[in-house]
Amino acid sequence: MIGPDMGELQLKKSYLESLPTDELNALAEELGLDLPPDLNRVFVIQEILEASQQDDESDEDIEDVSTVKVEKAPFFYNKTYIEVLLRDPVWAFVFWEIKTSERESHEATPGFNGYQLRVVSLHPGKGAEDESFSIDVDVMDRAWYVCFPSSKGWFKVELRMKKSKESLLLAETPPFKIPESITNLHHSIDTNPIAPILLLSGLDELDITHSSDSQSFIHQQCDF
């Protein structure tokens, strides 16, 4: 007999030294140690102590896992929002989300007719509305590549719900400015103080394709 249950016994060197050799070997076997039968008992005790210490560390790891705090979800998780990332002076990546409870409410509303993106030109003057346009998106869509009708100027993108012949604003991006195209930099080199710097950087030599995006399966829209 080895004595007290191994799960309840905190092994100490003095206790192990008090055990007969045959009980030490039996204890080592119980711990899963593969030791030579004629190994000196001093080394057997050392192996048992090391194995016992590893088991204690494993138990502590399990306890630590049980007390791990779950991190808070990202700020935009399950929230209605829309964001835009400018890809170049023509294309922008627009992505959005609608809070689950709000989505269910919208889509159960009588007259619900889907969602749309509204690209709003913030140019002052009469021509602003001419550069604004809407894009109908599927209820399952979460992102689009949007092509802008102007190579410069200020815009915002609205996420709207279509209801009958009206549309309800759900979210909108902050105003953002479309950067000037590389071609225009050559023409504005005398008036634009940063144009020479951009041209010296070699930016105008980059092969930027504005008409298509063969690397993405996300919907694209260009309305001009």
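Structure data summary
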read-out	value
Nonlocal amide H pairs with His123, under 5 Å, H built at 1.01 Å	Trp154
HN-Hα J in Hz across the stretch 160-169 - Karplus 6.51, -1.76, 1.60, θ = phi - 60°, x for Gly and Pro	10, 9, 8, 9, 6, 9, 10, 9, 10, 6
Gain in span if fully extended, Leu168 to Leu49, counting 0.36 nm per residue against the direct Cα distance	35.8 nm
Amide H contacts of Leu170 (H built 1.01 Å from N, under 5 Å, at least 5 apart or other chain)	Leu159, Arg160, Met161
Placed amide H near Thr80: partners under 5 Å, 5+ positions off or other chain	Lys99
Difference of contour (0.36 nm per residue) and Cα-Cα distance, Met140 to Asn113	8.4 nm
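Readers should treat all values here as calculations from the given coordinates under stated rules, not as data from a laboratory. Quantities reported herein were computed from a predicted structural model and do not represent experimental measurements.
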